[in-house]
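Asks: Shown below is the structure under consideration.
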Number of protein chains: 2
Amino acid sequence: MKFGIVFFPTVGGTDGEPTPTQYYDDGLHLAELADELGYFQVKLVEHYFFDYGGYSPDPITFLAAVAARTRRLRVATGAVIPAFTHPVKLAGQLAMLDNISGGRLDVGFGRAFLPDEFAAFGIPLDESRARFEEGVEACVRLWTEDDLTWNGTFHQFGPVTMLPKPAQLPHPPVFVASTGNLDSCRIAGEQGRHLQLIASVATREKVQEALGVYRRAWADAGHPAGTERIDLTFPCFLDEDRETAYRQGEYVERKMSEKMASAVSAWATVKSDQYPGYDRMASAAIGNGAGIDERVKENKILAGTPDDVRAQLTEIADWYGDGITVGLSVHSGQLPRATVERALRLFAEHVAPAFADR
Amino acid sequence: MKFGIVFFPTVGGTDGEPTPTQYYDDGLHLAELADELGYFQVKLVEHYFFDYGGYSPDPITFLAAVAARTRRLRVATGAVIPAFTHPVKLAGQLAMLDNISGGRLDVGFGRAFLPDEFAAFGIPLDESRARFEEGVEACVRLWTEDDLTWNGTFHQFGPVTMLPKPAQLPHPPVFVASTGNLDSCRIAGEQGRHLQLIASVATREKVQEALGVYRRAWADAGHPAGTERIDLTFPCFLDEDRETAYRQGEYVERKMSEKMASAVSAWATVKSDQYPGYDRMASAAIGNGAGIDERVKENKILAGTPDDVRAQLTEIADWYGDGITVGLSVHSGQLPRATVERALRLFAEHVAPAFADR
């Protein structure tokens, strides 16, 4: 099991919340600390306009800064959205980041799901899957082929030879971000893509089913066993005192709910058969109103003392299998930097070592 | 007079040229040194596909890494191309960089001029000016307004409130990149934009005329006198031994000519009334075949000993006025890092101090 840190800003700079300058400064500081403490990865989201993720319209820009300040930590997009950026630009940016980081890039690609984002970019929601698939494929081919001619549905170009080529050969690991749609997981496995699974919106059984479908598709397609990578992200609140950790969790999750509610409000009036059930997703993502005790019991949130969280992670490994990467979502901007710092140190010292062999 | 450093890669990673990883690593190292030595700015270009600039399809990504490694140096795009990136993405990226750097961003916007780049993005060359103008205006308004509704020719969106907002208020300094077209210079002055003038493609008289038009338009529009900023870039080769500096200059400029010839070859078959004279630009940019002695005499290239270059810069200040920012183009990737390092130290010690009052 490997442990990364995940940055998902849920702040807008008002009501005493950190400004963007402060949020990034704290993030760089935490990334440096994570690098020192031996964490595996730092991951950042792409979102616009809302406090829900909106401090990060371009994860690559921030990750380049992280790369310049760290030496071992892998830098991961979680995810970038091909529907919103021309593949020539996106492939170029990512290849620059891969080189700037000395080959430490993991690329997660996603479809996006906020109607307001699609509207701003003038992209129909119903094109999201097709644009995602074309965008991922175009990036991979721009990275790996010279004199590429691309005749896609949405983009046509070439022959062109992309510069720079990525540092990792043949190209950086490609992850598909998924909420657990079984078709998406199967296709990802078949194509030899890695998986970033948003586990918070599904039950344990649904996650297990999605992972089963993914792993079988991977094996059936003949990809080398054990080389698939699965990333799962969990909000994490850790303190020597359980009550302190729970109070932090309650506060941050309540803020997340409020911010998310505003970002997904457009789903009240938008329907797309490309996004089945998304009109209910907001309430699912924040636990359908469940309290923190219940969400901890379901292992949707990691919270408590190091002993508590070790027990949770043991269960998570039992449920979902060894070898997964667990992303600790710690930097919403809602907690003071020193609080997050202490949690990262506690985790590195008292939790992570127990999972070296899983 | 202020002195910056300019990175314009002209390498492709073959024939012993630096790989992208090496180029960026050298660049970060040189930027850190420039920060220490008190240089004012580092600037990077946006180009695709060709050794001519192609290591930098997204200057913002690299400048974020520079920002993370430096404390005083301003980070400048020279330039980004609104025609190739949706304004919501571009404004967001730039605002992130402004915050990551703690308000050290100077934004140069350009129209681009390589037909192959326009073709890859599916943008007609003839739309380049209109897309440039709409893109710059959209970015500025996204940075400064809440609930912005944009009904442009090429983009329609809103109402949206951009996150993050830039660190600098009301927004980062905006520069227009120009080859000296008098209309462009006049409009830039009227609108209170700063100017990045590509001085290498025009005679001294043409540059003076363009600057005159720009400064008069700035003053006539009522913008505060002396607050306009003018950036001029010069290739710079400095050594205690004049012959050594000249040999470096000859080598790098010859490589630049070769690389540029390939990048602009499409102008042989493309015509656009939006780009008058661009079919002849390649040969003009590389001096119409003039040798290095002649180009140094014209002050198109800075080369020689510290005494030589001081004399050139005195003439440049006499010709173009005090208070300009001179960008030293030093990182083509064609010279060893140690050579560039020595030149930057020599310049900081023996050249820059003489211009503190100009």
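Asks: Calculate the mean, over all residues of peptide A:79-86, of how many other protein chain Cβ atoms lie within 10 angstrom of the residue's Cβ. Mind dumping the intermediate values first?
Replies: Working: counts 0, 0, 1, 0, 0, 3, 4, 8.
Taking the mean over all residues of the peptide, I get 2.
Asks: Find every distance from the label point of B:R71 to the corresponding label point in the other copies (7 Å from Cα along Cα→Cβ) and write them in nm, one decimal, shortest first.
Replies: Relative to the other copies, B:R71 has label-point distances of 2.1 nm.
Asks: Quick one: Cα convex hull volume of the range A:204-358, Å³ per residue?
Replies: Each residue corresponds to 126 Å³ of Cα convex hull volume.
Asks: Please report B:V201, A:V136 as a ranked list, fewest other C-beta atoms within 10 angstrom at the top and most at the bottom.
Replies: In increasing order of surrounding Cβ atoms, one gets B:V201, A:V136.
Asks: On the Cα set of the protein assembly as shown, report Rg and Dmax in Å, please.
Replies: 26.0, 78
Asks: How shielded is B:161-170 by partner chains, expressed as the average number of their Cβ atoms within 10 Å of its Cβ atoms? Present the calculation step by step, with values, prior to reporting the outcome.
Replies: Working: counts 5, 5, 16, 13, 4, 2, 4, 0, 0, 0.
The mean count of partner-chain Cβ atoms within 10 Å per residue comes to 5.
Asks: Moving on to the next point. Considering only DSSP beta bridges whose two residues both sit in the protein assembly as shown, what percent are antiparallel, to the nearest 5?
Replies: The antiparallel fraction comes to roughly 10 percent.
Asks: Hey, how many Å between the Cα centroid of the range A:13-30 and the Cα centroid of the range B:129-159?
Replies: 27
Asks: Past 25 Å, Cα to Cα, is the threshold; run B:K89/B:K259; B:K89/B:K206; A:K165/B:K43; B:K43/B:K89; A:K2/A:K89 against it and keep the listed order.
Replies: Numbers: B:K89/B:K259 30 Å; B:K89/B:K206 36 Å; A:K165/B:K43 22 Å; B:K43/B:K89 20 Å; A:K2/A:K89 31 Å.
The pairs that break the limit, which is 25 Å between Cα atoms, are B:K89/B:K259; B:K89/B:K206; A:K2/A:K89.
Asks: How large is the direction-averaged shadow of the alpha-carbon convex hull of the range A:26-159, in nm²?
Replies: Value for the range A:26-159: 8.2 nm².
Asks: Tell me the distances, shortest first, between B:E205 and the same position across the other copies, using label points 7 Å along Cα→Cβ, in nm to one decimal.
Replies: Once sorted, the set of distances for B:E205 reads 8.6 nm.
Asks: Can I ask one more? Please build a GNM for chain A, connecting alpha carbons under 10 Å apart, and tell me which residue among A:D231, A:D322, A:D239 fluctuates the most.
Replies: Sorting by GNM fluctuation, first place goes to A:D322.
Asks: Here's something else I'd like to know. By count of other Cβ within 10 Å, fewest leading, how are B:E133, B:E298 ordered?
Replies: Least crowded to most crowded, the residues run B:E298, B:E133.
Asks: Assign one of three labels to the range A:1-78, namely rounded, prolate or oblate, based on the Cα gyration tensor with a ≥ b ≥ c the square roots of its eigenvalues; rounded applies when a/c is under 1.5, prolate when it is not and a/b is larger than b/c, and oblate otherwise.
Replies: prolate
Asks: Oh, and also: Per DSSP helix of 4 or more residues, -39500 (n - 2.57); summed, then divided by the residues of the protein assembly as shown. What does that give at 222 nm, rounded to the nearest 500? Walk me through the numbers on the way to the answer.
Replies: Working: 24 runs with 310 residues, N = 716.
Mean residue ellipticity, 222 nm, calculated: -13500 deg cm²/dmol.
Asks: Tell me, what ³J(HN,Hα) does each residue in the range B:264-276 have, in order and in whole Hz, if you take phi through Karplus 6.51 cos²θ - 1.76 cosθ + 1.60 with θ = phi - 60° and put x for Gly and Pro?
Replies: In residue order, the calculated couplings are 9, 4, 4, 5, 5, 10, 10, 10, 9, 6, 7, 10, x Hz.
Asks: So what is the diffusion coefficient of the range A:162-258 in µm² per second by Stokes-Einstein at 10 °C and 1.306 mPa s, using a Kirkwood Rh over Cα pairs?
Replies: Approximately 102 µm²/s, per Stokes-Einstein.
Asks: Here is a follow-up. If the cut-off is 17 Å between C-alpha atoms, which lysines fall inside it for B:K255, apart from same-chain ones fewer than 8 positions away?
Replies: B:K300
Asks: In addition: For the range A:6-75, which trypsin sites (Lys or Arg not before Pro) are in a loop by DSSP, counting at most 15 other Cβ atoms within 10 Å?
Replies: Counting only loop positions with at most 15 other Cβ atoms within 10 Å, the trypsin sites (Lys or Arg not before Pro) in the range A:6-75 are A:R71, A:R72.
Asks: Right, another one. May I ask you to sort A:Y251, B:Y48 by Cβ crowding, counting other Cβ atoms within 10 Å and putting the fewest first?
Replies: Sorted ascending by nearby Cβ count, the order is A:Y251, B:Y48.
Asks: Also, quick follow-up: Which percentage, to the nearest 5, of the DSSP beta bridges contained in chain A is antiparallel?
Replies: 10
Asks: For the range B:2-355, what D do you get in µm² per second when you plug the Kirkwood radius from alpha-carbon pairs into Stokes-Einstein at 4 °C and 1.567 mPa s?
Replies: 63
Asks: Which Cα, out of B:M1, B:N181, B:P20, lies furthest along the positive dipole direction of chain B (beta carbon charges, K/R +1, D/E -1)?
Replies: B:M1
Asks: Still on this structure, I have one more. What is the sum of charges around A:R131, taking Lys and Arg as +1, Asp and Glu as -1, for the other residues whose C-beta is under 13 Å from the C-beta of A:R131?
Replies: -4
Asks: Could you give the radius of gyration (one decimal) and Dmax (whole number) of the Cα atoms in the range A:111-235, in Å?
Replies: Cα only, the range A:111-235: 16.2, 47 Å (Rg, Dmax).
Bear in mind these aren't lab numbers, they're just calculated from the coordinates by the rules spelled out. Values in this document were obtained by computation on a predicted structure and should not be read as measured data. No Cβ is skipped: glycine too gets one built from the backbone with ideal geometry, and neighbour counts run over all protein chains shown.
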